[in-house]
Amino acid sequence: MTTSNALQVQAFHTCDVTEQVRATPGWQQQYRQMSPGHFSGHLRSLGLDGVEVYEERLNTRVEQFFRAPSGSLAFCFDQSENSLYLLNEQSRNIWITPENYQEVAVVFDQGFLARHSLDPQRLDGLFMVPLGSGQNALFGSWLSATLTRLGQADCPLQGQALAEQLLEDCLFILDNACQRLQGGALGRRGEERAIMQRVSEWAADCPEETLNLVELAEVAGVSLRQLQQAFKAFTGMPPAHWLRLRRLNGARRDLLRGGEVTVAEVAMRWSFWHLGRFSESYRQLFKEFPSETLRRASGARFYGANRNRRCL
């Protein structure tokens, strides 16, 4: 469901994790549900001249693979841990959000950055690093309140002035955060981040492929113990559990397509050889049995086909 007003403030509510991706055009993203429950996502966005502002809320844990739009620079304020993350089009990593996650982000496009002589390459070494600042929480709250205010039909919007203010504020917070950044802590996370970078590149490039734990360690180019340590630091879960959740999400994507397919065929396609265990694991994660997902998807597809025939 989407609502909008004349100020280009749009609000989206999604009921499946795959719908959340469609609400952020320009980003390369893959989302997978990582904790049990009926998914509910909310996204608000505001388009200015060369600047996009987003606020995202997710009720379940969600694994994200993402890449910012080409040539852009994104300031993402994680309101769960009060950290700032810088992203550019090369930033590509696994990110598993906690439950009831909230984030606000300001994305400056390539043209806006060029007009302000801001070269993102000068920020090399700061991308995808948690940057702490006392202003993070305050700025995130202010930006959320600003979206609410601008979403009101009678609220005047000075787009250019707001865009300039957002750039000034983001750079001020970044400068403050860099002064607090400890080089030693950054160095200790560098190796683990490189491991997760290799894993995320495989996951993004091969969304339909399944691996076992040993094969995943080979992809990452490390020992199994090193792989486990990196996953613990960046996802909070063992890699074997991550692989299983990945396969369950893949099965759900196939079931949501509907058509002439059976639950057993989908289960085996994703290396679930015990149908009863697959159904129960699926139910625990998505709060419905795979047969229910398939029935709903096939029903929607049948209804759409009949409606189209009636219109001919």
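So here's what we get for this one:
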read-out: Close pairs from segment 203-219: first within 17 Å of residue 31 (Cα to Cα), partner aromatic (Phe, Trp, Tyr), Cβ under 7 Å, at least 6 apart; value: 203/65; 204/65; 210/270
read-out: Inter-residue pairs, beta-carbon under 7 Å, first farther than 18 Å from residue 171 by Cβ and in segment 77-90, second of a type in the set (Lys, Arg) and in a strand (DSSP E or B), 6+ apart; value: 89/67
read-out: Strands (runs of 3 or more DSSP E) fully within segment 16-64 counting 1 or more residues that are among the aliphatic types (A, V, I, L, M); value: 41-47, 51-58
read-out: Candidate set: segment 230-240, residues that are open to solvent by less than 70 Å² (accessible area, probe 1.4 Å) and in a helix (DSSP H, G or I); chosen: the one farthest from residue 94 (Cα to Cα); value: 240
read-out: Close pairs (6 angstrom Cβ cut-off, 6 or more residues apart or separate chains): within 18 Å of residue 30 (Cα to Cα) and open to solvent by less than 30 Å² (accessible area, probe 1.4 Å) in segment 250-272, outside any loop (DSSP other than H, G, I, E, B) and of a type in the set (Ser, Thr, Tyr) anywhere; value: 255/293
read-out: Any helices (runs of 4 or more DSSP H) falling wholly within segment 91-190 and containing at least 3 residues that are over 15 Å from residue 75 (Cβ atoms), under 21 Å from the mean Cα position of the chain (by Cα) and at pLDDT 80 or above; value: none
read-out: Which listed residue, of 243, 227, is at pLDDT 90 or above, under 23 Å from residue 59 (Cα atoms) and either small (Gly, Ala, Ser) or surrounded by 15 or more Cβ atoms within 10 Å (Cβ to Cβ) (or both); value: 243
read-out: Search result, residues across segment 208-224 that are open to solvent by 40 Å² or more (accessible area, probe 1.4 Å) and in a loop (DSSP other than H, G, I, E, B); value: 208, 209, 210, 212, 221, 223
read-out: Hey, residue 271 more than 25 Å from the chain's Cα centre (by Cα), at pLDDT 95 or above and among the polar types (S, T, N, Q) or not; value: no
read-out: Residue 44 vs. criteria of a type in the set (Lys, Arg), at pLDDT below 95, under 15 Å from the mean Cα position of the chain (by Cα) and buried (at least 21 other Cβ atoms within 10 Å of the Cβ); value: yes
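The values are calculated or read from the model by the stated rules, or taken from the named source; none is laboratory data. Fair warning: this is a prediction, and the values are worked out from it, not measured in the lab. Cβ atoms come from the backbone with ideal geometry, glycine included; neighbour counts cover every protein chain shown. Heavy atoms of the whole protein, side chains included, go into the accessibility calculation; ligands, DNA and RNA do not. Shrake-Rupley method; radii C 1.70, N 1.55, O 1.52, S 1.80 Å.
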